[in-house]
Amino acid sequence: MDPQWLRWAKELQAIAQIGLAYSSTSHFDVERYTRIREIAVEIMSLWGEVEKGTLLELFQQEKGYATPKVDIRGVVFRDDQVLLVREVADGCWTLPGGWADVNESPSESVVREVREESGYETQPVKLLAVYDRSKQGHVPAFPFHVYKLFILCELIAGEAATSFETSGVGFFTEEELPELSLSRVTPEQIRRLFEHWRHPEWTTDFD
């Protein structure tokens, strides 16, 4: 669970973003909501040890009604092993995936992400889990609210191939997982996904 200070800061940022989206005709409202955003930045900068300018620039790019971002991960099994890719960003391993793109369905997004990051062609089969990142033990904390979708995919073609985002591709057993990129996936999530694979009758997990 996110610390309370981060929950407050995220809520202030969302209030400011929504207020700025719908109060553009009132100078005083714009001034007030801009100040609320600055307070959110100050809280995150102080407690999260992030440079104020970086946070402010990040928040200023967000327009319109504030909603959770969507991270989609492909879950591909083969011979009692799960497909993982090694991220160039931190050198650790994760399920292939990333942010959902505009004009793509979840199924289309996960097929593209798995192909781009691992080289494999897949067919989406089932939504295994929808998790709230803030409640799943991911580190480090993230300044925006994120929903994580884990989609079971059937391997149908292709061969291992890295990309500009990944430096390794492999299949791993539950007992021999490599060092995971905890910002993207946790050991507990991997274990739960193995359980889903062993119990196809289970319904979708959600927070």
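Scanning the range 143-167 for residues that are under 30 Å from Ile43 (Cα atoms), among the aromatic types (Phe, Trp, Tyr) and outside any strand (DSSP E or B) gives a single hit, Phe144. In a residue-by-residue description of the range 171-179, the property of being within 18 Å of Val110 (Cα to Cα) and not aromatic (Phe, Trp, Tyr) applies to no position.
Is it fair to say Val102 is surrounded by fewer than 16 Cβ atoms within 10 Å (Cβ to Cβ), assigned by TED's automatic domain parsing to the domain that holds Thr186, at pLDDT below 95 and among the aliphatic types (A, V, I, L, M)?
Working: surrounded by fewer than 16 Cβ atoms within 10 Å (Cβ to Cβ): yes; assigned by TED's automatic domain parsing to the domain that holds Thr186: yes; at pLDDT below 95: yes; among the aliphatic types (A, V, I, L, M): yes.
It is true that Val102 is surrounded by fewer than 16 Cβ atoms within 10 Å (Cβ to Cβ), assigned by TED's automatic domain parsing to the domain that holds Thr186, at pLDDT below 95 and among the aliphatic types (A, V, I, L, M).
Report whether or not Ser109 is exposed (fewer than 15 other Cβ atoms within 10 Å of the Cβ), modelled with pLDDT of 95 or more and over 30 Å from Pro3 (Cβ atoms). So Ser109 does not fit the description; no.
Taking the range 131-171 as the range and being surrounded by 15 or more Cβ atoms within 10 Å (Cβ to Cβ) and hydrophobic (A, V, I, L, M, F, W, C) as the test, the residues that pass are Ala141, Phe142, Phe144, Val146, Leu149, Phe150, Ile151, Leu152, Cys153, Leu155, Val169, Phe171. One residue alone among Met44, Met1 is touching a helix residue (DSSP H, G or I) at 6+ places or on another chain (Cβ under 7 Å) and within 20 Å of Tyr147 (Cα to Cα), and that residue is Met1. Restricting the range 18-64 to residues that are small (Gly, Ala, Ser), surrounded by 11 or more Cβ atoms within 10 Å (Cβ to Cβ) and at pLDDT 80 or above leaves a set whose member that is farthest from Trp8 (Cα to Cα) is Ala21.
The values are calculated or read from the model by the stated rules, or taken from the named source; none is laboratory data. Note that the structure is predicted; figures quoted are calculated from it, not measured. Ideal geometry is used to build each Cβ from the backbone, glycine not excepted, and the neighbour counts take in all protein chains shown.
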